[in-house]
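Notes follow once the structure below has been shown.
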Amino acid sequence: MTEDRGGALVGAHISIAGGVSLAFERGVEAGCASMQIFTKNATRWEAPPLGYDEAARFRSEQTRSRIAPVVAHGSYLINLASPDPALLERSRRAFLEELQRSGTLGLPCVITHPGAHMGAGVEAGLARVAESLDWLEERAGEGAPLVCLENTAGPGTVLAGDFAHLGAIFGRVRSPDRLGVCLDTCHAHAAGYDFTTPAAYRDTLAALEAAVGPGRILALHLNDAKGERGGRLDRHEHLGRGRIGLECFRLFMNDPRFVAVPKIIETPKEDDGRPMDPVNLGVLRRLVGLTRVPAALASEAL
C-alpha cells in the first residue's frame, strides 16, 4: 500500500470480479489506502450467498494489504423511494441483503442513492425513503453497517439533488444516528453546488451541514465532472480535466474535518489504455499540504 501523507485515506472503487477478496490485490496495485466495492453484481438482483471461506479470505487480505476502511456501494437497481409496491419490496429486501453481506465482511457502511419518486412527487418519495430506512433498521439487527445516503445530480424524478432532501430524510427516520452522508463532488456540481473557490467550498459544505447536521459525512466521492454546474449531467471526469477543477480537491484534501474520512475516486479507469486510478490518486496525494494548486500540477492534469 502506498503510504498517505496526513492521513489522506484516498482510494478508488475496485472490482470484485472473481470474488470479493480479490479486490485487495487490485487495490494495492492502484495505490489505494481506502477502497470502495460492490459486495455483489450491481446490475443483478440475485447473488450467490457470501460463503464463510470467502469472507475469511476477505478479512485476511484486508489485514495483509492494510487497506482500510473499505466501504460498500449498493446496487443501482435499488429504489427505496419507489411508489410501485412490488419494486419497493424487492428494493428493501435487496438492500437488507447488501447490509448483511457488508456486515459479514466487517464493512462500516453501505452507500446508496436515496432513489427516485417516479412521478409520485418529492414529498411522497422522501417519506417512502424514510419508511424504507426504518424498515431496514428494524430488520438489520444490532451492529449492522450504517446506511450512507449519497447526494445525486438530481435529474428527472431522482431525489437528493437538493441537500434539503437529505435533511428531510434525516428528520423523518426513527434512528438518524444510524445514517451518514456520502458527498459526491460531481453530483453536487451537476446539481448546482459550487466548490471552485474557498468561499464557495465553505458555503456548499455549510449548506449540507445545515440540512443534515455536523459530522454526518462518512465518505467522500472525489470526482471531477464533464458537465456544466447545474446541468444535471452525472458524468465523471479525471481530476483536473473537468469543470470543477483541482482547487476543489485541494480544499477537501486539506480539510481537517475529513482526515479520517475515506476519499474515493470513481473516475474513468483508463485513458488511451493507461490505467488511471494510480494517476488520479497521485493527484490527490500531491495536493496534501498545499495552500494553492501549482500551475505545473494543473497543466499536468490537463
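The numbers here are math on the coordinates, done by the rules we state, and not lab data. Here the structure is a predicted model, which means the values were calculated and not measured. Cβ sites come from the backbone with ideal geometry, for glycine too, and all protein chains shown count toward neighbours.
Here the dipole of segment 32-93 is about 180 debye; that uses its Cα centre as origin and unit charges on the Cβ of Lys and Arg (positive) and Asp and Glu (negative). Report note on the peptides 81-90, 179-188, 144-153: ranked by the mean count of other C-beta atoms within 10 Å, highest first, their order is 179-188, 144-153, 81-90. Considering the dipole of the chain built from charges on the beta carbon (Lys and Arg +1, Asp and Glu -1) around the Cα centre, which of Thr267, Val20, Gln62 is farthest to its positive end? Final value for the positive-end residue is Gln62.
Checking a compactness column here: for segment 221-302, what do you get for Rg(Cα) / (2.2 N^0.38 Å), N being the number of residues?
Values: Rg = 12.4 Å, N = 82, 2.2 N^0.38 = 11.7 Å.
Taking the Cα Rg and dividing by 2.2 N^0.38 Å, one obtains 1.06.
The peptide list 59-69, 14-24, 156-166, put in order of mean Cβ contacts within 10 Å with the highest first, becomes 156-166, 14-24, 59-69. Relative to its residue count, segment 103-159 spans a Cα convex hull of 81 Å³ per residue. A simple packing score, the average count of other Cβ atoms within 10 Å per residue, orders the peptides 206-213, 43-50 as 206-213, 43-50, with the highest score first. Three principal axis extents describe the C-alpha atoms of the chain; from largest down they are 54, 44, 34 Å. Taking label positions 7 Å along the Cα-Cβ direction at both Asp177 and Glu138, the computed distance is 2.1 nm, reported to one decimal.
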